[in-house]
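The values are calculated or read from the model by the stated rules, or taken from the named source; none is laboratory data. Quantities reported herein were computed from a predicted structural model and do not represent experimental measurements. Using ideal geometry, Cβ is built from the backbone for each residue, glycine included, and neighbour counts are taken over all protein chains shown.
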Amino acid sequence: MEKSLLRALHDRRVQIRSRWKTLLDIERIHTPLADPATLVFLFDQTLDEILAALAEATDSSAQPKPECHCDCNPMRDYFTALEQALMEALILAQTKQHTLSQAARTAAVDELRTTLRRIAQREIAVYDTLCQQKPRRPARP
């Protein structure tokens, strides 16, 4: 990702957190762990990991939207809301940088989506392996 865009995401961190929290607040809370008041404590660690991974990103191959096999997995909504908040911030940052080529804009979106989904899939899978509350849904083919 272009250093200027990555810097812009760092600079928009407060707005990203605020939007992320707002998006989580509108989701239906299906377990106590899915409560935004609980999840907010993970925000900084997750943002740090994603922004650090973006700084080193080399693989931008498309990642599917993460699947979760547990109906009560709070990480599903957590990462969906984060993806939307980060994409909004990235697009706003891109509109301020008129010299970026279309290819650079597209690459940044791809890198962000790929990086976030790779991390999300790992975290969702960890929760799925620990959850014993609900039967697992069969994975989509």
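Across segment 58-79, the number of residues qualifying as among the hydrophobic types (A, V, I, L, M, F, W, C), out of contact with any Pro (no Cβ under 9 Å at 6 or more places or on another chain) and at pLDDT below 65 comes to 2. Beta carbons closer than 8 Å, at least 6 apart along the sequence or on distinct chains, pair a first residue in segment 26-44 that is within 14 Å of MET75 (Cβ to Cβ) with a second that is among the aromatic types (Phe, Trp, Tyr) for ALA34/TYR78; LEU39/TYR78; LEU42/TYR78; PHE43/TRP20. Pairs linking a residue in segment 80-97 that is at pLDDT 95 or above and polar (S, T, N, Q) to a residue that is part of a helix (DSSP H, G or I) and surrounded by 16 or more Cβ atoms within 10 Å (Cβ to Cβ), with Cβ atoms under 6 Å and 6 or more positions apart or on different chains, are GLN84/LEU23; GLN94/ARG105. At least 3 residues being in contact with a helix residue (DSSP H, G or I) (Cβ under 8 Å, 6 or more places away or on another chain) and closer than 27 Å to ALA107 by Cα is the threshold, and among the helices (runs of 4 or more DSSP H) wholly inside segment 13-57 those reaching it are 13-25, 43-56.
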